[in-house]
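The values are calculated or read from the model by the stated rules, or taken from the named source; none is laboratory data. All figures in this text were calculated on a predicted structure; none of them were measured in a lab. Counting neighbours? That spans all protein chains shown, and the Cβs are built from the backbone with ideal geometry, glycine included. Surface accessibility is based on the protein's heavy atoms, side chains included, excluding ligands, DNA and RNA. Shrake-Rupley method; radii C 1.70, N 1.55, O 1.52, S 1.80 Å.
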Amino acid sequence: MKRLLELRVRVPGQWSDAWLYKGSLLLWTPDGRLAWIKLDQIRNEVNRQGGAAARLLADYLIFRTDWKVGEQFVTLQKTATALNALVIDATAHNPDLCFEVTAAPHLVPMHERLEGFLLDVAVTGNRVFSATTAGLFETEFNPEYPKNDNPLILSESGRVNSVAIASNTIAAAMEDKGLRTAPIFFGEGANWHSSPSSFKLIDDYAISTSFSSYNLLNYNGDAAPEFLRARTQRESAGGDQSYDRTVIVDHDHPESILKPVTDAAVAGTTVGPASDELYVVGNSNYRLLVSDGQDFASVINLGWGSPAERRGIVRSRDFVVDSRAGEMVATTSETRQLKSGFVLESYETISLLTRDGVHILPDQGVLRTRTFPRSRRHEDTFASICNDHVDLVGFLEVPDSRLG
């Protein structure tokens, strides 16, 4: 098994949630206000505290400010001596590769504050959605004009456990009020709040929800989430944009995927589950994480075929989950999507499940984690929200032989 190399950037303070967006780190205060700090400020502090080597690691593992940095770093990883020298240089200044930010985030001017306890957040197209025990709230944050005072709109009243966004659509899981979706209208500029989101009910009960591409998964307490296939169309982006984009028109009625998922989980395994009752722990885009509640776990690929078709759902050949990893999955209370796998949250630990196995992370008193699966720059970065700080965490799996 490979060794996990972590790099953390720490923002002190009491925060309820975090989001990386267009060169800024957005933070929510416990009393329902929004704050921000530019990533360039954070990068400069990493450079000051750790030197050029630490900044290069941070650029690739967290900030990813230029796609060429990623390309060069992947090439660098293939050269054991160069990677080893880079890590030694970076850790010489800071052995833990943890860099604390001294600059204080700025509060966004807002006349209103969120009502209720914050449960989930999502950001897209300068729109900021905050799900609380009181409802779903919407405001705007423009990174080019972060000091603008924007109204806070109540889009839906009632407890909203989770929100998910894909393309032009937002989905909200509201327990007894069901799974609700609404189109997000972009391009109104300063009048964005003149077209409030209009939600419609698409499933009767929803504890949480997430997207698999444009399709929706509704976690309603059953062994497997219900699958709602998206109906999409291509349209012009409009304005100065010269490209076409895919937009969601609607979602079909929910259908069960339990049997094909169960069949795929045990197909080809030499040691099967201890129980016939398998359940889906969570998903990372097309990948479903399945457990028997003991020491068996499997990663399933949710294909483009109909959920009723066996060929559309198959066991992943990339993830080989052993019994140790299976035990970790069985205790998981929440999963978060990463490009390389899953963040697993349990009552005692935070761990990463990748193709190489499970990596248990140091106990930092984590309250929740946040990932950014639809971000082009931060799809393998996550935030750990703790009692007195937020960590931005980047990681790299390398053989022990690479790091002397």
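Restricting region 146-158 to residues that are surrounded by fewer than 18 Cβ atoms within 10 Å (Cβ to Cβ) and small (Gly, Ala, Ser), which is farthest from residue 110 (Cα to Cα)? Ranking the qualifying residues of region 146-158, first place goes to 158. Which ones in region 159-172 are farther than 24 Å from residue 376 by Cα and open to solvent by 20 Å² or more (accessible area, probe 1.4 Å)? Hits for region 159-172 are 159, 161. Within region 303-313, the set of residues being open to solvent by 10 Å² or more (accessible area, probe 1.4 Å) and either at pLDDT below 50 or under 17 Å from residue 280 (Cβ atoms) (or both) comprises 303, 305, 306, 308, 309, 310.
Only one of 57, 61, 86 is within 22 Å of residue 9 (Cβ to Cβ), assigned to a helix (DSSP H, G or I) and modelled with pLDDT under 85; which? Break it down stepwise before answering.
Working: 57 fails: modelled with pLDDT under 85; 61 fails: modelled with pLDDT under 85.
From the options 57, 61, 86, the qualifying one is 86.
The residues of region 103-117 that are surrounded by fewer than 19 Cβ atoms within 10 Å (Cβ to Cβ) and either under 23 Å from the mean Cα position of the chain (by Cα) or in a loop (DSSP other than H, G, I, E, B) (or both), listed by number, are 103, 104, 109, 110, 111, 112, 113, 115, 116, 117.
Filtering 367, 353, 289, 344 for residues that are open to solvent by 10 Å² or more (accessible area, probe 1.4 Å), over 19 Å from residue 165 (Cβ atoms) and assigned to a strand (DSSP E or B) leaves a single hit, 367. Scanning region 21-36 for residues that are touching a helix residue (DSSP H, G or I) at 6+ places or on another chain (Cβ under 8 Å) and open to solvent by 10 Å² or more (accessible area, probe 1.4 Å) turns up just one, 23.
Looking at this structure, is residue 86 farther than 26 Å from residue 367 by Cα, touching a helix residue (DSSP H, G or I) at 6+ places or on another chain (Cβ under 7 Å) and open to solvent by less than 30 Å² (accessible area, probe 1.4 Å)? Spelling it out, residue 86 is indeed farther than 26 Å from residue 367 by Cα, touching a helix residue (DSSP H, G or I) at 6+ places or on another chain (Cβ under 7 Å) and open to solvent by less than 30 Å² (accessible area, probe 1.4 Å). Among residues of region 218-231 that are touching a residue at least 24 places away in the same chain (Cβ under 8 Å), those with a beta-carbon under 7 Å from a residue that is of a type in the set (Phe, Trp, Tyr) and part of a strand (DSSP E or B) at least six positions away or on a different chain give the pairs 223/279; 224/279; 225/219. Among residues of region 34-54 being closer than 24 Å to residue 374 by Cα and not in a strand (DSSP E or B), the one that is nearest to the chain's Cα centre (by Cα) is 39.
So which of 175, 140 ends up being in contact with a helix residue (DSSP H, G or I) (Cβ under 6 Å, 6 or more places away or on another chain) and either among the charged types (D, E, K, R) or open to solvent by less than 40 Å² (accessible area, probe 1.4 Å) (or both)?
140
Looking only at residues in region 7-20 that are out of contact with any His (no Cβ under 9 Å at 6 or more places or on another chain), of a type outside the set (Val, Ile, Thr) and assigned to a strand (DSSP E or B), which one is most open to solvent (accessible area, probe 1.4 Å)? Looking at the filtered set, the residue picked out is 19.
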